[in-house]
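Taking it in order: structure first as structure tokens, then the write-up.
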Amino acid sequence: MERPFPPCQAACPVRTDTREYVNLIAWGRFEEALQVIRKVNPFPSVCGRICQHPCEAKCRRGTLDAAIALKELKRFATEIETAPQPVPERPPVTRGTVAVVGAGPAGLTAAQDLRGMGYGVTVIERLGRPGGMLNLIPKYRLPDRVLSKDLEAIIARGIDLRCNCEIGRDVQLSDLQAEGYQAVIVCAGLSRSRGLALPGFGAERFVAAVPLMMDVWAGNPVSVGRKALVIGGGNVAADVARTLRRLGAEQVTMACVESRAELPASEEEIAAALEEGIHLMPSWAPKRVLKRDGRVAGLELMCVTRVFDDKGRFSPQYDPAHVKAVAADMVVLTIGQAGDTSWTVGSAVKLDRRGRILADRELHTTSEPRVFLAGEVLNGPGSAIQAIADGRRAAAIVDEFLRTGLLKTPPPEDRAVVGEFPKAACDKLHRLDRMPMRQVPGPERVGGFQEHDLGYDQAAALREAARCLNCGAGPAIDEVKCASCLACFRLCPLDGVKIQKKMVAAPEACQACGLCAAECPQGAITIGHWTGEQFREQIDRNLDAEPARARAAVVLCAHAEMSRSELDALALRAPHAAAVHLRVPCVTHLAARDLLRLIANGIEEIRVVLCSPAACKHPSGQQRARQVLTAAVQRARAVRPAATIEFIEAGQVLPANPSVQGAPQ
Amino acid sequence: MIVVRRKPLESILAFISPYRKVLLLGCGSCAAVCFAGGEKETEEVACLLPLMAADKGIDVEVRAATCQRVCDWEFVEPLLAGDDKPEAVVSFSCGAGTNLLADRLGAIRVFPGVDTLFIGATLEHGTWQEMCIGCGDCVLDRTFGICPIARCSKSILNGPCGGSKDGKCEINPETDCGWIKIVERAKALGRLEDLAATYIAPKNWASSHHGGPRRVKREDLKIAKP
């Protein structure tokens, strides 16, 4: 049975298996979590910092209390890795060669994918290092070492990278074709700031965002003045404004045509800007630049009455009578970026009437055969994760074309998506606060470019990951084994099973607690990947490794706020030191049969460590598990009168973690 | 559904003690639904039985397997295919399945792993009640759907008897009086007079088990394979 996509995964342009990596974190299996992310995303560290996380916006926990902090958990997975990463595979070149223009997220993703398929890949990049526009993201959001980590891992796959090589200047499209590349994918991004024909344009200290940020990136001296005004309301505008604050501007204002509710920048960016003392002027459009002695002295703005027309098209209208002058000794224009199309001159790549490259957005093709586009140069401005997805798509199309000669779009990765929580289920679910992330306070952080979001520590990440509702991981029912006994239907506290002649899962109401699977007399239900066989395997593995320990067992609910290292610490403590350690995704997954398997293996002393009820997302499930498992051990006493079971709440064995601010105690 | 209850482990061990290789055969139908003989229950026995055997010095190899319905041979046969045959099979199905096994298994000894109790219904998860004894001559049309044979302790056809008190039976005060239930049902339907006017004549018990094992044979369903 194909389970529906959880909404978070469906919202991710690369369909990251969000639920899986979050659960692996909750299980303390951090390296595996990172592997899940890496499988579809060559920029896990970057996305852990700056992804616009459309996944979080769709998280169903958001309708309950607060969305899971998916970006922060991704960041945690990329930072916790202790084991050295495996040396990336470098398959032999068996399928010809492809040139990629631009080493941004789209270009490098396409390059990595094609390299993995067996193509020889050369990437040419106009800047002195790969990363494209990611380099211009301020370091307080994306530190260099973080970006480098992803870039190095990609390049290490055997990609031929040529930096300081700009298409149209250092190398022509025809040169690449003459070198024998079978296809060229241009992912040159939008590298030029859009201008604005304002009266006074051209004054000194009236600058565009991209050159300014390039200077900041390159470490060139930038003179910012005392009062700066940024025109624009997007994320780049926020980046510029916050950068100017750090460069010494005392008063920074962001003015944009959009109203506060329409601001294109993310809420996080706006909140951070406000915390850093940046002043917002929504619904104000620049009218003219005020000058004194050839230098910028301020900006005259006019009030915006409407931004979008009735059809939602950008069509601002102004009230010319309502104007305001704002004094500023520097004005930065961040109203969008455009692509550089000069490289098309002399080639068969055509432009449209508005000067954009004529291309098929579905097939990524241009009017020149074997020349493809991907990323922002094709689709216009977008997020890094959209560029990554687009690079992947282009690689798939180019591969198909080079293998078969056919131009075909890759099959869509669409599945049914788990719908809204039914109100009745929502009312029954336990509320769990989102774990706060450690941050440097706003006034302190404007002193420099140090990263201000400090991420989660292990205890916070474990707790945050355990909040996941496991959307769509609920019962997969084996129709052949199912006896239609109705136990799952009767037992489910959330009405997550329905009767449609046989038992069927109702994923909207389900949070995959596993009670149904544990109860099912036929073992017909799988929750997530859990069939119960994994428990048997753990018993075998543990007993094979350390048969002498086999008198007692500690069974850990993986959500019991414990990481592997904490588990190791626990294992050294009496009386657990002399016990085998087993993990279940949640104590609610544990069936009576599983405990009897322990007893059958000579283990008579069983301790089950579970979450404290306040931290548990299945409080009624805990109760059921205690009842069923206690009864199972009582049955076993007919054979093993000394068999015991004890339930221990994690809080009793773990000290509260003082390093997490505001963590529920 | 046919409701069964697992036999004590000691009994099962006593059955199999002369044998070295035993198959515990679960049934994925009624016995699973009443949590006595499905896959998991059978595996539980497979966990505990060898421990008890070892304590008593009995050397036995136990394997558990479950099929959809033990009372249909086609489901069972694949589990017993191959050369590695058990010396004994403990069936966790109702007596119908166990009987069928005995008919088919030749030299392999067959034992019941459960007691077959009754034809019943689930009152709530974990509670089952007898509702029918399979007498072969149904009178439910005259008793408003409630069976006087199965649900009256004395199986009387025209009740209630004088032993009914406060709606309970004198045989077991925890048992509802079947006839009071019939009366209440008639009352609720506004048909009490029908009940008063009805005399149920003695049944022909030959259609019950008293005439020997019953068989239903439908010529119209008979398969003639080419």
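The values are calculated or read from the model by the stated rules, or taken from the named source; none is laboratory data. Computed from a prediction, not measured in an experiment: that's the story for all the values here. Cβ: placed from backbone, ideal geometry, glycine included. Neighbour counts: every protein chain shown. Accessible surface areas use protein heavy atoms only, side chains included; no ligands, DNA or RNA. Shrake-Rupley method; radii C 1.70, N 1.55, O 1.52, S 1.80 Å.
What to note about this one:
- Number of positions in the stretch A:8-32 that are part of a loop (DSSP other than H, G, I, E, B) and not acidic (Asp, Glu): 8
- Residue list for the stretch A:309-359, filter: free of Cβ contacts under 8 Å to residues at least 12 places away in the same chain, of a type outside the set (Lys, Arg) and not assigned by TED's automatic domain parsing to the domain that holds A:Phe372: A:Asp309, A:Asp310, A:Gly312, A:Phe314, A:Ser315, A:Ala321
- Residue that is open to solvent by less than 20 Å² (accessible area, probe 1.4 Å) and farther than 30 Å from A:Ile185 by Cβ, where the choices are A:Phe76, A:Phe5: A:Phe76
- Scope the stretch A:591-606; condition within 19 Å of A:Gln652 (Cβ to Cβ) and open to solvent by less than 10 Å² (accessible area, probe 1.4 Å); matching residues: A:Ile606
- Scope the stretch A:300-345; condition touching a helix residue (DSSP H, G or I) at 6+ places or on another chain (Cβ under 7 Å) and more than 16 Å from A:Leu229 (Cα to Cα); matching residues: A:Val307, A:Gln337, A:Gly339, A:Trp343
- With respect to (1) closer than 19 Å to A:Arg583 by Cβ; (2) crowded, with 24+ Cβ neighbours inside 10 Å, the lone exception for A:Ala545 is condition (2).
- Lone unmet requirement of (1) more than 30 Å from A:Arg403 (Cα to Cα); (2) surrounded by 24 or more Cβ atoms within 10 Å (Cβ to Cβ) for A:Glu56: (2)
- Filtering the stretch A:490-513 to residues that are more than 14 Å from chain B (Cβ to nearest Cβ) and either open to solvent by less than 20 Å² (accessible area, probe 1.4 Å) or within 22 Å of A:Gln627 (Cβ to Cβ) (or both) leaves A:Leu494, A:Asp495, A:Gly496, A:Ala506, A:Ala509, A:Cys510, A:Gln511, A:Ala512, A:Cys513.
- Every pair of residues 6+ apart whose Cβ atoms lie under 7 Å, when the first sits in the stretch A:579-598 and is in a loop (DSSP other than H, G, I, E, B) while the second is of a type in the set (D, E, K, R): A:Ala591/B:Lys40
- Taken over the stretch A:514-535, residues that are without any contact (Cβ under 8 Å) to a residue 24 or more places away in the chain and more than 13 Å from every other protein chain (Cβ to nearest Cβ) amount to 2.
- Matching option when the condition is within 14 Å of chain A (Cβ to nearest Cβ), hydrophobic (A, V, I, L, M, F, W, C), closer than 30 Å to B:Cys147 by Cα and under 18 Å from the mean Cα position of the chain (by Cα), among B:Cys67, B:Cys94: B:Cys94
- Residues in the stretch A:438-489 that are surrounded by fewer than 20 Cβ atoms within 10 Å (Cβ to Cβ), part of a helix (DSSP H, G or I) and free of Cβ contacts under 8 Å to residues at least 40 places away in the same chain: 2 in all.
- Tally, over the stretch A:254-272, of residues that are touching a strand residue (DSSP E or B) at 6+ places or on another chain (Cβ under 7 Å) and either open to solvent by less than 10 Å² (accessible area, probe 1.4 Å) or on the phi > 0 side of the Ramachandran plot (or both): 3
Residues checked against (1) more than 22 Å from B:Tyr199 (Cα to Cα); (2) modelled with pLDDT under 95:
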residue	(1), (2)
B:Gln129	yes, no
B:Asp137	no, yes
B:Leu140	no, no
B:Cys147	no, no
B:Arg151	no, no
B:Glu170	yes, no
B:Trp179	no, no
B:Val183	no, no
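- All conditions in (1) assigned to a strand (DSSP E or B); (2) β-branched (Val, Ile, Thr); (3) away from chain A (no Cβ under 14 Å) hold for B:Thr122, with the sole exception of (3).
- The residues listed here are A:Gly447, A:Gly405, A:Gly391; of these, the one that is more than 21 Å from A:Cys59 (Cβ to Cβ), of a type outside the set (A, V, I, L, M, F, W, C) and modelled with pLDDT under 90 is A:Gly447.
- Selection from the stretch B:75-95 of residues that are open to solvent by less than 50 Å² (accessible area, probe 1.4 Å) and not in a helix (DSSP H, G or I): B:Gly82, B:Pro86, B:Ala88, B:Val89, B:Val90, B:Ser91, B:Phe92, B:Ser93, B:Cys94
- Which numbered condition B:Ala46 fails, given (1) modelled with pLDDT under 95; (2) closer than 21 Å to A:Ile525 by Cα: (1)
- Residue ranges of strands (runs of 3 or more DSSP E) in the stretch A:273-340 with at least 1 members under 31 Å from the mean Cα position of the chain (by Cα): A:279-282, A:295-308, A:314-327, A:330-333
- Qualifying residue in the stretch A:257-278 (condition: among the hydrophobic types (A, V, I, L, M, F, W, C) and farther than 26 Å from A:Asp453 by Cα): yes
- Single residue of the stretch B:15-74 satisfying the filter (assigned to a strand (DSSP E or B), among the aliphatic types (A, V, I, L, M) and within 25 Å of B:Met1 (Cα to Cα)) that is most open to solvent (accessible area, probe 1.4 Å): B:Ala64
- Test: residue in the stretch A:42-60 that is in contact (Cβ under 8 Å) with a residue 12 or more places away in the chain, over 28 Å from A:Ala110 (Cα atoms) and not in a helix (DSSP H, G or I): yes
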